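Here the structure is laid out as structure tokens; the discussion comes afterwards.
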Amino acid sequence: MDFTGKVAIITGASRGLGRHYAREFAKRGASVAVNDVRDCSETVQAIEAEGAAGMMTETDVTSADSARAMADAVLERFGRIDVLVNNAGLYGSLNFRPFEKLDEAEWDKVMNVNVKGIWQCCKAVLPAMKQQGSGSIVNISSLAATYGMPNGLHYTASKAAVIGLTRGLAREVGRYNIRVNAVAPNVVNTDATAEVFGDKRDKVIEVTLSQQAIRRPLETADIVGAVLFLASDLNHMTTGQTLMVDGGTVML
């Protein structure tokens with residue numbers, strides 16, 4: 001999977017999976033633009049350590065102006081946009097509790113970032129992709145969308161919306177040779193997972209493994225292959241799909 005000459009944007013890339021995606025695209029020759037509401041300087045350093053060109057923008061994905069400014073900055077620096085990985089999302093900072101105890105403000109915040117944020121970033125990059133006549137968008141959903149996460153209805157609903165957004169957008173932009181797909185991971189062993197489950201993490205992973213066909217925890221490296229494939233030129237005719245990366249928990 002060679003990305004030489006390609007430009008990839010990774011949202012929510014200040015740490016964790018976002019930084020991992022950025023580094024792996026860089027290893028394969030891409031110029032990589034990263035953004036977050038947090039500082040991404042360490043991610044840019046990781047990109048440049050792979051010998052690739054990197055840049056960062058401070059971006060609020062829920063803001064149309066901020067998303068457009070991000071896309072404009074990337075075009076000014078690199079001249080094109082080939083890949084968008086919509087990784088930005090609320091997970092580690094969320095309060096997971098029974099649905100009747102979720103408040104409206106928290107529900108709206110999750111939907112704004114996890115759904116509206118993807119919509120805004122897609123809107124920002126699609127003009128450049130249409131002009132090129134090519135592009136690949138990879139949205140990050142979750143196993144929660146198809147399995148149904150108890151005590152996380154806001155997160156579950158938001159990630160189900162990502163799948164619907166992926167399908168609808170794929171039908172709209174396919175005529176421009178633009179692919180739109182999603183990846184839906186199971187629980188991944190990341191800092192965000194530790195934040196969510198705290199001292200219950202080991203028990204959660206134990207239960208998760210009992211439902212997987214391949215019984216080992218998912219690591220960040222397990223997700224990157226799916227994202228790279230969907231974004232790459234090896235994938236010409238897969239669009240509108242959601243690839244479950246869950247060790248064989250849900251088999252669609």
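Each value in this text was obtained by applying a stated rule to the coordinates, not by laboratory testing. Just so it is clear, the model here is predicted, and its values are computed rather than measured. Cβ atoms come from the backbone with ideal geometry, glycine included; neighbour counts cover every protein chain shown.
Since only 92, 252, 190 are under comparison, the one whose Cα sits farthest along the positive direction of the charge dipole of the chain, derived from C-beta charges on Lys, Arg, Asp and Glu, is 252.
Sum -39500 (n - 2.57) across every DSSP H segment of at least 4 residues in the chain, then divide by the residue count to get the 222 nm mean residue ellipticity, nearest 500.
Computed mean residue ellipticity for the chain: -14000 deg cm²/dmol.
Full extension of the chain segment joining residue 211 with residue 197 gains 3.2 nm, where the gain is 0.36 nm per residue of separation less the Cα-Cα distance. Look at the dipole of segment 1-134 built from charges on Cβ: of 20, 7, 47, the Cα furthest out on the positive end belongs to 7.
Considering only 66, 149, 178, and ranking their Cα positions along the charge dipole of the chain that arises from unit charges at the beta-carbon of Lys, Arg, Asp and Glu, the one farthest toward the positive end is 178.
About the Cα centre, and with charges only on the beta carbon of Lys, Arg (+1) and Asp, Glu (-1), how big is the dipole of the chain? Nearest 20 debye, please.
It comes to approximately 680 debye.
Annotation: Cα Rg of the chain relative to the compact-globule expectation 2.2 N^0.38 Å equals 0.95.
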